[in-house]
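**Student:** Quick one: the structure is below, questions incoming.
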Amino acid sequence: MKRYENNKTKIDKDGKRVYTSTYYPKIPLSNSDRFIQTKEGNRLDNLAQTFYGDSTLWWVIAQANGIKGFTSLKSGIALRIPSDISGIIAKFKTVNS
């Protein structure tokens, strides 16, 4: 899956194709969420691949932990890994439709 595959596009006033904004849902805490400590070299996309089988779901982990602007992580950070991925994806589709 390509990085911008889920982003909608539109034509701006100058006739150029631009990507529209993507909105991410709030991800409430769940009793079934997992918690991990990051290790040297961890990245959000690799963690998403490990836990969800899909590296493009990196934004789920980022959104759940308030991470913005970077994908590489320092060692020793406590991260929440949300478990209800199908519910989160459904909310994502709803807020971006």
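The values are calculated or read from the model by the stated rules, or taken from the named source; none is laboratory data. Just so you know, these numbers come straight off a predicted model, no measurement behind them. FYI the Cβ positions are ideal-geometry reconstructions off the backbone, even for glycines, and counts take in every protein chain you see. Heads up: the accessible areas ignore ligands, DNA and RNA and are worked out on the full protein's heavy atoms, side chains in. Shrake-Rupley method; radii C 1.70, N 1.55, O 1.52, S 1.80 Å.
**Student:** Restricting attention to the stretch 12-32, which residues are over 30 Å from PHE51 (Cα atoms) and open to solvent by 90 Å² or more (accessible area, probe 1.4 Å)?
**Tutor:** LYS13, ASP14, LYS16, ARG17 - these are the residues of the stretch 12-32 that are over 30 Å from PHE51 (Cα atoms) and open to solvent by 90 Å² or more (accessible area, probe 1.4 Å).
Rundown of residues vs (1) modelled with pLDDT of 95 or more; (2) farther than 15 Å from ILE88 by Cβ; (3) touching a helix residue (DSSP H, G or I) at 6+ places or on another chain (Cβ under 6 Å), yes/no style:
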{"site": "ARG34", "(1), (2), (3)": "yes, no, no"}
{"site": "PHE51", "(1), (2), (3)": "yes, no, no"}
{"site": "THR56", "(1), (2), (3)": "no, no, no"}
{"site": "SER72", "(1), (2), (3)": "no, yes, no"}
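**Student:** To continue, here is another question. Which pairs turn up if I take residues in the stretch 50-69 that are open to solvent by 60 Å² or more (accessible area, probe 1.4 Å) and look for partners that are assigned to a loop (DSSP other than H, G, I, E, B) with beta carbon separation below 8 Å, at least 6 apart in sequence or on another chain?
**Tutor:** Between residues of the stretch 50-69 that are open to solvent by 60 Å² or more (accessible area, probe 1.4 Å) and residues that are assigned to a loop (DSSP other than H, G, I, E, B), the close pairs are TRP58/THR71; GLN63/TYR24; GLN63/PRO25; GLN63/LYS26; GLN63/ILE27.
**Student:** Okay, next question. Across the stretch 79-97, what is the total count of residues that are out of contact with any helix residue (DSSP H, G or I) (no Cβ under 8 Å at 6 or more places or on another chain) and under 16 Å from SER32 (Cα atoms)?
**Tutor:** The number of residues fulfilling the criteria is 4.
**Student:** Which condition does PHE35 not pass, out of (1) free of Cβ contacts under 8 Å to residues at least 24 places away in the same chain; (2) on the phi < 0 side of the Ramachandran plot; (3) exposed (fewer than 10 other Cβ atoms within 10 Å of the Cβ); (4) not aliphatic (A, V, I, L, M), if it passes all the others?
**Tutor:** So PHE35 meets the others, but not (1).
**Student:** Now for a different question. Could you grab me the full set of residues in the stretch 36-47 that are closer than 16 Å to LEU57 by Cα and out of contact with any helix residue (DSSP H, G or I) (no Cβ under 9 Å at 6 or more places or on another chain)?
**Tutor:** The one that is closer than 16 Å to LEU57 by Cα and out of contact with any helix residue (DSSP H, G or I) (no Cβ under 9 Å at 6 or more places or on another chain): ASN42.
**Student:** Please work out if SER86 is in a helix (DSSP H, G or I), exposed (fewer than 14 other Cβ atoms within 10 Å of the Cβ) and out of contact with any Ser or Thr (no Cβ under 9 Å at 6 or more places or on another chain).
**Tutor:** yes
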